[in-house]
Amino acid sequence: MSIFNPSLNLFNCYLEALPPDWPGGFWLHWGLFVVIILAFVMVMIMGFIWFERRGLGRFQVRLGPNRTGPFGLLQPVADAIKILIKEDIIPAKGDKWVHWLAPVVAFVPVLMIFAVVPFQDGALLADLNIGILYVVALSSISVVGIFMAGWGSNNKFSLIGAMRTVAQAVSYEIPLVLAIIGVVLIAGSLSMNEIVKAQSIPFILLQPLGFLIFFMAACAEINRTPFDLLEAESELVAGYHTEYSGMKFALFYLVEYAEVLAVSAIITTLFLGGWRGPVLPPFLWFLIKVFAVFFLIFWVRSTIPRIRVDQLMAFAWKCLLPLALLNLFITAIEVVVWPEALPWTIIFLNLAIMAVLIVLWSKFFRLGGGRVEV
Amino acid sequence: MRFERYGIGIAKGMALTFKHLFRRPITTQYPEERLVTSRRIRGNELVWDREKCTGCATCAKSCPQGAIQIVTSVSTEENKYEVEKFEVDTGYCIFCGLCVESCPYEALFMGYAYERARYRRGELILVKEGLLASDERKPSGYARPKIEAALPQQTLLLDRDKVRK
């Protein structure tokens with residue numbers, strides 16, 4: 001395989017996308033995985049909606065929805081039917097085309113992310129050798145959809161929400177990517193499947209600080225609660241989707257949960273060892289880890305109140321970015337200087353470094369105005 | 001904002017919310033589960049004891065709303081008043097309980113039941129037979145200490161787990 005021969009390289013890419021003992025051809029693999037991914041995303045989103053509403057209910061010492069079906073399992077279905085028969089409203093002075101296109105632009109890239117998420121060894125739509133780069137590139141497109149929604153609605157709340165999300169997404173993208181690079185350095189590959197294969201020890205142990213940075217930045221990227229300024233209901237009604245109803249609103253709702261699913265899957269793949277695990281089949285391990293990460297995300301949601309805009313920005317630029325840079329620097333040194341070091345020494349070293357850095361940053365940096373003891 | 005406590009505050013908060021996962025949910029699923037109300041609840045389903053009532057109409061006089069109507073006639077055979085009409089328009093009732101407190105023969109009780117929603121206003125007017133005690137219409141212990149002692153303790157505002165022990 002020569003890098004000077006692009007056609008051959010592309011061909012090899014296709015070959016690598018095939019699992020080694022697959023009976024059909026490329027197109028069979030392609031069609032099958034498109035169906036699997038669509039079904040997986042839809043079913044998991046419904047599961048996530050149910051899981052989050054029930055889980056949040058228990059966090060708040062109440063029951064959550066339990067009237068439709070056993071344990072309220074059909075609640076997402078009931079919601080979907082309700083939302084489908086609602087009237088579709090377009091603001092009279094809104095930009096009709098932009099308003100119409102926005103949910104699609106937001107939804108499609110999120111769905112495309114799952115093309116490179118490995119469910120098992122080699123069980124993925126396309127084993128791109130630049131898998132994680134592809135994820136980073138696609139994940140920023142849905143922000144365009146959200147901004148289109150804010151612009152097309154001709155509504156001040158929508159526009160402010162959309163502006164906030166653009167600023168937030170651009171700021172948090174940087175620590176997010178820097179945290180990913182730390183993982184890539186250790187794994188020595190950008191392919192998601194190779195990264196999983198490299199994790200004989202889950203990278204959360206080798207990269208504890210990287211995991212924290214990635215988790216917080218990802219929460220901000222997908223606008224989960226401590227950072228959900230774009231739809232802050234106490235300030236902005238509902239942010240960018242104030243003017244949306246019916247199926248278009250449902251698409252934005254789907255985007256929200258598909259993004260959470262994507263982030264859970266990526267954290268699972270990058271930091272928790274993906275499909276690897278003893279006894280149980282790999283696909284089940286993947287699902288368990290995805291649900292565990294999602295549980296962590298809405299556990300944070302149930303605990304921490306929303307932060308202010310100035311604090312949000314200061315947190316990204318003054319805290320996460322320098323920490324991510326330092327983390328990348330330290331990881332690079334470790335990879336270059338002690339490539340064969342015992343994993344446990346590295347693990348304890350990294351944990352100690354994380355503790356020291358967090359204490360230093362807590363002592364010396366003010367993150368925006370106001371006094372919050374955290 | 002500053003991480004004055006090195007993020008330990010966040011960790012403490014997370015631990016607290018995690019503990020809440022294992023608490024009993026506060027929700028009462030109403031039609032299936034019901035809380036026990038106060039033993040002295042002043043539910044306005046008034047309960048009337050036909051045997052004890054002498055038709056003195058003290059309750060009607062004490063009612064600030066004038067919601068109780070009594071018409072009596074003299075029964076010469078039994079040598080007492082015969083209650084011909086006992087009618088309470090509970091739509092006017094303000095739950096004050098003065099009728100029950102003023103009854104000299106303990107013949108009138110506040111209701112223990114509280115589900116009083118009706119489809120028609122006419123159904124709010126209770127007449128003689130509709131006022132008698134039954135399994136659905138128990139008397140409450142308001143101003144009636146003997147009935148109060150027999151009723152179960154309320155769970156409405158108390159810690160339900162403690163009451164059940």
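For the reader, a short list of remarks on this structure follows.
- Conditions (1) polar (S, T, N, Q); (2) over 26 Å from residue A:236 (Cβ atoms); (3) within 14 Å of chain B (Cβ to nearest Cβ): number failed by residue A:345: (3)
- Residue count for the range B:92-107, restricted to those that are modelled with pLDDT under 90 and of a type in the set (D, E, K, R): 1.
- Once the range A:35-63 is narrowed to residues that are surrounded by 15 or more Cβ atoms within 10 Å (Cβ to Cβ), of a type in the set (D, E, K, R) and over 16 Å from residue A:264 (Cβ atoms), the residue that is nearest to the other protein chains (Cβ to nearest Cβ) is A:58.
- Scanning the range A:72-92 for residues that are part of a helix (DSSP H, G or I), more than 13 Å from every other protein chain (Cβ to nearest Cβ) and touching a residue at least 12 places away in the same chain (Cβ under 8 Å) returns A:75, A:76, A:77, A:79, A:80, A:83, A:84.
- Among the conditions (1) closer than 27 Å to residue A:331 by Cα; (2) not in a helix (DSSP H, G or I), the only one that residue A:186 does not satisfy is (2).
- Just one of the numbered conditions (1) of a type in the set (A, V, I, L, M, F, W, C); (2) modelled with pLDDT of 85 or more; (3) under 21 Å from residue A:344 (Cα atoms); (4) in contact with a helix residue (DSSP H, G or I) (Cβ under 6 Å, 6 or more places away or on another chain) is not true of residue A:201: (2).
- Evaluating residue A:316 against the criteria (1) at the interface with chain B (Cβ under 8 Å from one of its Cβ atoms); (2) touching a residue at least 24 places away in the same chain (Cβ under 8 Å); (3) of a type in the set (Gly, Ala, Ser) leaves one unmet condition, (1).
- Considering residues of the range B:108-130 that are among the small types (Gly, Ala, Ser) and under 14 Å from residue B:142 (Cβ atoms) only, the residue modelled with the highest pLDDT: B:111
- Only a single criterion out of (1) polar (S, T, N, Q); (2) within 14 Å of chain A (Cβ to nearest Cβ); (3) within 22 Å of residue B:147 (Cα to Cα) is not satisfied by residue B:54, namely (2).
- Of all residues in the range A:32-66, those being under 23 Å from residue A:249 (Cβ atoms) and among the charged types (D, E, K, R) number 3.
- Residue that is buried (at least 20 other Cβ atoms within 10 Å of the Cβ), touching a Ser or Thr at 6+ places or on another chain (Cβ under 6 Å) and at pLDDT below 90, where the choices are A:139, A:158: A:158
- The range B:95-116: number of residues that are part of a helix (DSSP H, G or I), among the aliphatic types (A, V, I, L, M) and either more than 15 Å from the chain's Cα centre (by Cα) or closer than 21 Å to residue B:151 by Cα (or both): 1
- A search for C-beta distances below 6 Å between a residue of the range B:138-165 that is surrounded by 18 or more Cβ atoms within 10 Å (Cβ to Cβ) and small (Gly, Ala, Ser) and any residue that is in a loop (DSSP other than H, G, I, E, B) and at pLDDT 60 or above, counting only pairs 6+ apart in sequence or on different chains, returns B:140/B:41; B:140/B:112; B:141/B:39; B:141/B:40; B:141/B:151.
- Cβ separations smaller than 9 Å between residues 6+ apart or across chains give the following pairs from the range B:4-27 residues that are more than 7 Å from every other protein chain (Cβ to nearest Cβ) to residues that are modelled with pLDDT under 85: B:8/A:374; B:12/B:5; B:24/B:160; B:24/B:161.
- Lone unmet requirement of (1) loosely packed, with under 12 Cβ neighbours inside 10 Å; (2) assigned to a strand (DSSP E or B) for residue B:119: (2)
- When residues in the range B:125-143 are screened for being in contact with a strand residue (DSSP E or B) (Cβ under 6 Å, 6 or more places away or on another chain) and not in a helix (DSSP H, G or I), 8 of them pass.
- Filtered residue count, the range B:28-63, keeping only those that are among the small types (Gly, Ala, Ser) and touching a residue at least 40 places away in the same chain (Cβ under 8 Å): 3
- Of A:279, A:309, A:300, all but one fail to be among the hydrophobic types (A, V, I, L, M, F, W, C), over 18 Å from the mean Cα position of the chain (by Cα) and within 14 Å of chain B (Cβ to nearest Cβ); the exception is A:309.
The values are calculated or read from the model by the stated rules, or taken from the named source; none is laboratory data. Predicted model, so just to flag it, every value in this text is computed and none were measured. No Cβ is skipped: glycine too gets one built from the backbone with ideal geometry, and neighbour counts run over all protein chains shown.
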